[in-house]
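> Here it is, the structure in full.
The values are calculated or read from the model by the stated rules, or taken from the named source; none is laboratory data. Everything numeric here is computed off the predicted structure, so don't read it as measured data. Because the Cβ atoms are built from the backbone with ideal geometry, glycine has one as well, and the counts that use them run over all protein chains shown. Note: accessible area is taken over every heavy atom of the protein model, side chains too, but ligands, DNA and RNA are not part of it. Shrake-Rupley method; radii C 1.70, N 1.55, O 1.52, S 1.80 Å.
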Amino acid sequence: MAFIDWENSFSVGIKKVDDQHKQLVAHLNNLYEAMQAGKGKKALDAVMKGLVQYTKEHLATEESLMKLYDFPGYEEHKQKHEK
């Protein structure tokens, strides 16, 4: 059983971004499954490293697309990423 099931309501309508969001959900679900199997501590380091690296890549993609298409809320959204 997944911790988070992807729902169409999560979609932003941009395939590349939606695919990356799905991958982030998969990372969280992998950690949850390891925890459910009693292997959370063993899996935590690898899962967190993967999650942090993938999140950095994803945020860079989002910011690049927002700049490319002159997204009006770019600065505010970028500040959220930085937090």
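> Filter the stretch 1-35 down to residues that are of a type in the set (Phe, Trp, Tyr) and not in a loop (DSSP other than H, G, I, E, B) and give me whichever is surrounded by the fewest Cβ atoms within 10 Å (Cβ to Cβ).
Among those residues, the one meeting the criterion is Phe10.
> Shifting gears a bit: Could you give me the residue pairs with C-beta distances under 6 Å whose first residue belongs to the stretch 60-83 and is under 17 Å from His21 (Cα atoms), whose second residue is open to solvent by less than 50 Å² (accessible area, probe 1.4 Å) and of a type outside the set (D, E, K, R) wherever it lies, and which are 6+ apart or on separate chains?
Final answer for the pair search is Met66/Tyr74; His81/Leu59.
> Mind checking which residues of the stretch 36-49 are surrounded by 15 or more Cβ atoms within 10 Å (Cβ to Cβ) and closer than 29 Å to Lys78 by Cβ?
Listed by number, the list holds a single entry, Val47.
> Go through His58, His77 for me and flag whichever is open to solvent by less than 40 Å² (accessible area, probe 1.4 Å) and in a helix (DSSP H, G or I).
His58
> Check the stretch 15-27 and report whether any residue there is more than 11 Å from the chain's Cα centre (by Cα) and polar (S, T, N, Q).
No, every residue in the stretch 15-27 fails to be more than 11 Å from the chain's Cα centre (by Cα) and polar (S, T, N, Q).
> Mind counting the residues in the stretch 61-74 that are on the phi < 0 side of the Ramachandran plot and open to solvent by 40 Å² or more (accessible area, probe 1.4 Å)?
Qualifying residue count, the stretch 61-74: 7.
> Further, regarding this structure: Just one of (1) assigned to a helix (DSSP H, G or I); (2) over 15 Å from the mean Cα position of the chain (by Cα); (3) within 20 Å of Ile4 (Cα to Cα) trips up Gly38, so point out which.
It fails just one condition, (1).
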